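Student: After the C-alpha cells below, expect a handful of questions from me.
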Amino acid sequence: MLFHVTARHDIDNCGMYNDEVRQALQEFLPTMPSRCQELGVKVHFAVAGHPDHVFYLLVEADDLTPVCTLLCEVPIKQEFDIKPVRELNIREC
C-alpha cells in the first residue's frame, strides 16, 4: 500500500533552530535505510516544505503499522497526517 505522509513540527522542535534535535537527527538519519528495511517500509520520496516546518513523504508498506513505527522513531516531535493513496498511471503531461 502507498501512504502520503504530511509531518508538521513547530519551531521549537525544528532541527534548524534546536541543537538537541539537530544532533539527534544527525545520529538517526544514517540508520534510517536499515530501519526501513527491517520494517518493510520503502520511502519513494521525502521533501521539505521550508520555511513552513513540514515534510511530505510517499511511502510504501504492507499496512500502516510499520509506517507509524518508523515515523515515531524520528527524533522530532511532529504531528502526522497519513493518507492511503494509489498511483495514477499518468507519466508525462
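Student: Using the Karplus curve 6.51 cos²θ - 1.76 cosθ + 1.60 with θ = phi - 60°, work out ³J(HN,Hα) for each residue of region 37-53 in order, rounded to whole Hz, and write x for Gly and Pro.
Tutor: With the stated coefficients, region 37-53 comes to 5, 4, 8, x, 10, 10, 8, 7, 7, 9, 10, 9, x, 6, x, 8, 6 Hz.
Student: Which of GLU79, GLU60, GLU38 moves the most in a Gaussian network model of the chain with Cα springs under 10 Å?
Tutor: GLU38
Student: What does the charge count near LEU39 come to, summing +1 for each Lys or Arg and -1 for each Asp or Glu among other residues with Cβ under 14 Å from its Cβ?
Tutor: -3
Student: Let me know the shape class of region 2-85, please: from the alpha-carbon gyration tensor, a ≥ b ≥ c as square roots of the eigenvalues, rounded when a/c is under 1.5, otherwise prolate if a/b is greater than b/c, or oblate.
Tutor: oblate
Readers should treat all values here as calculations from the given coordinates under stated rules, not as data from a laboratory. If you're wondering where the values come from, they're calculated on a predicted model, not measured in any experiment. Cβ atoms come from the backbone with ideal geometry, glycine included; neighbour counts cover every protein chain shown.
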